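First the structure, in the form of structure tokens, and then the observations on it.
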Amino acid sequence: MKLRPFLRFPGFRFKALTLSYDDCFVYDIRLKKILDAYNVKCTFNVPTDWLLDRDDPKRKLMTKQEALDLYSDGKCEVACHGSRHLPLAEMPFEMGTRDIISNRLTLEKMFGGVVKGCAYARGSVNERAVEILRCCGIEYARTIDNTGNFDLPEDWLRWDPTCHHDDPRLMELAEEFAKPYNTKQYVWNKHPELFYLWGHSYEFNDENNWEVMENFCKAVSGRDHIWYATNGEIATYVKAYDALRFSADGNTVQNPTCTDVCISCFENDYFIPAGKTVVLKG
Ligand SMILES: [Zn+2]
């Protein structure tokens, strides 16, 4: 695993939390209300063809207008999930590519900006699926292979989450994660932590267990040492850290990106502004 002992999240925080919820059913409205109340951020993965006319007898999908109203407030992110939710690993290359690029085009037209994220529909991932995303300009993509830990991803196109919300260890993990960490205490091999939770909002409706999300948010929200961010904000930030350029003596650091980066280097905190060079204490 790639260790990043100097990395600190914005505000010199040691931990970050992100959520990822799929499929765009109307239950996202209730889910987002809970997340907003606790200032917890989520990336919503939207199969755009489903917004138009797919009729599920058991569960209710959102309309295009409902999706626009819900996801356009700047407090969340939208990402690809395949226009038609095709399992990429099982599809011909062309069909898979079309499913992702048409999804990107529609989301960018609907919401503006640049969409660089994805969650693999049906968790269907192999080398070809990764190649399809790369060809479509996707920079980070979530799998459904739960790690049960708080590691940052090794490969952004195979971003394994910590757990699904129905994991029996959910609250145990949440409580462990919520504990503060003394960032001044420098320890080799100790690196910043990310809690990455995923699921589908319709599961709360089907199981009638919305308290699972309420209790999770109560356990992890409102902590000064945790950065609450979307998948995209985390990927952009950590990639900016990875792009830092150090001088041969290690005492000067350049930030060639357009993202400000916080680092903690041998018990000293440094703010490395976007596009600037900073001399460390040596
Ligand atoms: Zn899905």
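Tabulated data for the structure shown
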item	result
Number of positions in the range 220-243 that are under 17 Å from R13 (Cβ atoms) and either surrounded by fewer than 14 Cβ atoms within 10 Å (Cβ to Cβ) or small (G, A, S) (or both)	6
Qualifying position, being within 14 Å of the ligand (Cβ to nearest atom), among the charged types (D, E, K, R), under 29 Å from D242 (Cα atoms) and touching a residue at least 40 places away in the same chain (Cβ under 8 Å), among D28, D22	D22
Listing of helices (runs of 4 or more DSSP H) fully contained in the range 193-270 that carry 3 or more residues being free of Cβ contacts under 8 Å to residues at least 60 places away in the same chain and either over 18 Å from Y38 (Cβ atoms) or of a type outside the set (G, A, S) (or both)	211-220
W198 touching a Pro at 6+ places or on another chain (Cβ under 7 Å) and in the same structural domain as I144 (by TED's automatic domain parsing)	yes
Filter result (within 20 Å of the chain's Cα centre (by Cα), within 16 Å of the ligand (Cβ to nearest atom) and open to solvent by 60 Å² or more (accessible area, probe 1.4 Å)) within the range 89-137	R122
V212 being open to solvent by 20 Å² or more (accessible area, probe 1.4 Å) and either in the same structural domain as A79 (by TED's automatic domain parsing) or in contact with a Pro (Cβ under 6 Å, 6 or more places away or on another chain) (or both)	yes
Unmet criterion (only one of (1) surrounded by fewer than 21 Cβ atoms within 10 Å (Cβ to Cβ); (2) within 16 Å of the ligand (Cβ to nearest atom)) for N39	(2)
Given (1) more than 28 Å from Y27 (Cα to Cα); (2) in contact with a His (Cβ under 7 Å, 6 or more places away or on another chain), number of the condition K239 does not satisfy	(2)
Residue match in the range 12-25 (condition: of a type in the set (S, T, N, Q) and farther than 25 Å from D166 by Cα)	no
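The values are calculated or read from the model by the stated rules, or taken from the named source; none is laboratory data. As the structure is a prediction and not an experimental result, all values here were calculated from the model. Here the Cβ is made from the backbone with ideal geometry for all residues, glycine too, and neighbour counts use every protein chain on show. Side chains included, ligands, DNA and RNA excluded: accessible areas come from the protein's heavy atoms. Shrake-Rupley method; radii C 1.70, N 1.55, O 1.52, S 1.80 Å.
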